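Okay, so here's the structure we're looking at.
The values are calculated or read from the model by the stated rules, or taken from the named source; none is laboratory data. All values reported here derive from a predicted model rather than from experimental measurement. For neighbour counting, all protein chains shown are included, and Cβ atoms are generated from backbone atoms with ideal geometry for every residue, glycine included. For the accessible areas, the whole protein counts, side chains as well, though only heavy atoms, and no ligand, DNA or RNA atoms are used. Shrake-Rupley method; radii C 1.70, N 1.55, O 1.52, S 1.80 Å.
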Amino acid sequence: MPSRLVEAVVRRTLLRRLLRPLVAFVAVVAAGVAGFGALASVGAVDALFWLLDPTSIELHFREHEGPETLVKAYALIVLSGLVVAGLWTGETVFSAAFGGRIREELEHMRTEQRIEELDRHVIVCGYGTFGGTVASRLSENGREVVVVERRTEGFERALADGLLAVEGDARRGEVLADAGVERATTVVAAIDDTSANVQIAVASSNLVPTVRLVVRAGDEMDEALARRVGADEVVVPEVVSAEHVSADI
C-alpha cells in the first residue's frame, strides 16, 4: 500500500506544481556550494554555512587569501536566486491553499487509501443513469462499491453521492488497478457503449482472470460478443425494462 500511495501522491497536480520551484531551490543551493568551492577552495560544509550566514565570508578572508570581492559578488547572486526560488515555492503553496487545492489533494489521498483497504468490492464502470442506479442499489444493500468514471462531472457526482470513485478511463489497466480490481469480486461495465464495455471486460480479465464480469450491451446481438470476451452476465437495459413492465401488466 505505501508504494501505491506514493505513486498517487506524485501524480497529483499540486505536487507537480511544487516540484519545479523546489528543484530550482535545490539547484541554486548546489550551484552556490559548487561555486564557493571553486572560487575559495572551501568544503561543502563551509559553503553551506556561507549560504546561511554570508557575513562569515568576510571573516574567512580575514584569515585566508583569495578573491574576496568575487566571492561576495557570487554570494549576492546565489542569495538572490534562493530568495526567488523561495518566493516561488511560497506563492505556489499560497495559491494552492486559497484555491482549495490542498484540501482537494488530501481528499483524493484519503479516497485512494480507503480503496486500498477494500476487499471483495464491486467496481462499477460508468456513472450514467444505468451505472449510477447499479452503484446506488449495491451500496444501499451494504456492498462496497468503487465507481470508475472518465467524465469529471460524473466522477464528482459519484463522490457527492457518497461513493468511492476513481477518475479515469476504465479501459486502461492502471485505472482498474487504482480501483482495486485485483481485490474485487465483480466488475460491472455499465457505459452506454457496448464496444467500450467489451474493452473493459477484456482489460479486467487480463488483470484478474477470476473476476466476475457483468457487461451492459446495446442489444441482444451484442450479447454473443460480450460472452466471447468472458462476460459472466450480459445485461440489455431495454430488454430488462420491457420484461419488468410486461410482468406488471
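Annotations for the structure displayed:
- Restricting attention to the stretch 139-156, the residues being of a type outside the set (Val, Ile, Thr) and either in contact with a Ser or Thr (Cβ under 9 Å, 6 or more places away or on another chain) or open to solvent by 90 Å² or more (accessible area, probe 1.4 Å) (or both) number 8.
- Qualifying positions in the stretch 89-138 - closer than 25 Å to Val198 by Cβ and either at pLDDT below 90 or open to solvent by 20 Å² or more (accessible area, probe 1.4 Å) (or both): Arg120, Gly128, Thr129, Phe130, Thr133, Val134, Ser136, Arg137, Leu138
- Here Gly66 meets each of (1) on the phi > 0 side of the Ramachandran plot; (2) exposed (fewer than 12 other Cβ atoms within 10 Å of the Cβ) with one exception, condition (2).
- Residue check for Glu167: surrounded by fewer than 18 Cβ atoms within 10 Å (Cβ to Cβ), without any contact (Cβ under 8 Å) to a residue 24 or more places away in the chain and under 18 Å from Glu104 (Cα atoms): no
- Checked against (1) farther than 29 Å from Asp219 by Cα; (2) part of a helix (DSSP H, G or I); (3) of a type in the set (Lys, Arg), Arg120 meets all criteria but (2).
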